[in-house]
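Notes follow once the structure below has been shown.
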Amino acid sequence: MLKGFRYRLAIFFAVLGPGFITAMVDNDAGGIIVYSSAGARWGYLPLWTLLPITIVLIMTQEMCSRMGAVTGKGLSDLIREEFGLRVTFVVMALLVLVNLSNIMANFAGIAGSLELFHISRYVSVPAGALAVWLLVGALELTVWQRVP
């Protein structure tokens, strides 16, 4: 009985696709600040938006993963083919700015959370950056060791 339930649950999440994971990934420091301030201001009123936002995130991730699987190309390649080099440059520059601001928000979250424990931001942010750098480096090394 339990084995059948686990199998059905695994099939459900496999069909649901990577969009569900993408919907949950955005719970970082910047997101938590936005959720907290919105909750403090409006309470449970905007909670209904969670369902359509999750559906849109699932659809977007599924669409992008299918385009990549079918064409064998990344998003920037597809944008360049359809809209040209200038639009691709603008979109990718905006993507860099958005990712940079997201990284800054995450490091601000590290600084703010560790200041609750009286650890200076001048110590916590470089330590967090070093930890992320080592983790990414270790994962990259692991991936490259497996490539034939």
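The values are calculated or read from the model by the stated rules, or taken from the named source; none is laboratory data. Note that the structure is a prediction, hence the values are computed from the model and not measured. Note that each Cβ is placed from the backbone with ideal geometry, even for glycine, and that neighbours are counted across all protein chains shown. Surface areas here come from the heavy atoms of the whole protein model, side chains and all, with no ligands, DNA or RNA. Shrake-Rupley method; radii C 1.70, N 1.55, O 1.52, S 1.80 Å.
Keeping all protein chains in place and using 1.4 angstrom, which order do VAL125, VAL90, VAL70 fall into by accessible surface area, from largest down?
So, going from the largest accessible area down, we get VAL70, VAL90, VAL125.
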Checklist outcome for this item: Sorting LYS3, LYS73 on solvent-accessible surface, 1.4 Å probe, most exposed first, gives LYS3, LYS73
Next on the checklist: Can you tell me how the chain classifies by the Cα gyration tensor, rounded, prolate or oblate, using a/c under 1.5 as the rounded cut?
Outcome noted: rounded
Next on the checklist: Run lengths n ≥ 4 of DSSP H only: what is the helix-derived mean residue ellipticity at 222 nm for the chain, with -39500 (n - 2.57) per run over all residues, to the nearest 500?
Outcome noted: -28500 deg cm²/dmol
Checklist entry - Just how much of ARG66 is accessible, in Å², when a 1.4 Å probe is used and the result is rounded to the nearest 10? => result 150
Checklist entry - Residue by residue through the stretch 55-65, which ³J(HN,Hα) values in whole Hz follow from phi under the Karplus form 6.51 cos²θ - 1.76 cosθ + 1.60 (θ = phi - 60°), with glycine and proline marked x? => result 5, 5, 5, 5, 5, 5, 5, 5, 4, 5, 5
Checklist entry - What full-extension length gain, to one decimal in nm, is calculated for ASP77 and VAL125 as 0.36 nm per residue of separation minus the Cα-Cα distance? => result 13.8 nm
Checklist entry - Hey, could you pull the Cα Rg and Dmax for the stretch 30-90, both in Å? => result 17.2, 45
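Which of rounded, prolate, oblate describes the stretch 64-124, given a ≥ b ≥ c as roots of the alpha-carbon gyration tensor eigenvalues and a/c under 1.5 marking rounded, otherwise prolate only if a/b is larger than b/c?
On the way: a/c = 6.24, a/b = 2.75, b/c = 2.27.
Prolate, since a/c reaches 1.5 and a/b exceeds b/c.
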Checklist outcome for this item: Computed for the chain: size of charge dipole around the Cα centre, +1 on C-beta of each Lys and Arg, -1 on C-beta of each Asp and Glu, debye to nearest 20, value 360
Checklist entry - Using the Cβ atoms and a cut-off under 13 Å, what net charge is assigned to the surroundings of LEU16, where Lys and Arg are +1 and Asp and Glu are -1? => result 0
Checklist entry - Accessible area of PHE83, 1.4 Å probe, to the nearest 10 Å²? => result 140
Checklist entry - For the chain, with the dipole built from +1 on Lys and Arg beta-carbon atoms and -1 on Asp and Glu ones, taken about the Cα centre, which of PHE117, VAL34, ILE58 lies farthest toward the positive end? => result ILE58
Checklist entry - Can you give the extra length, in nm with one decimal, that the chain gains between ALA10 and SER37 once fully stretched, where that is 0.36 nm per residue apart less the Cα-Cα distance? => result 6.2 nm
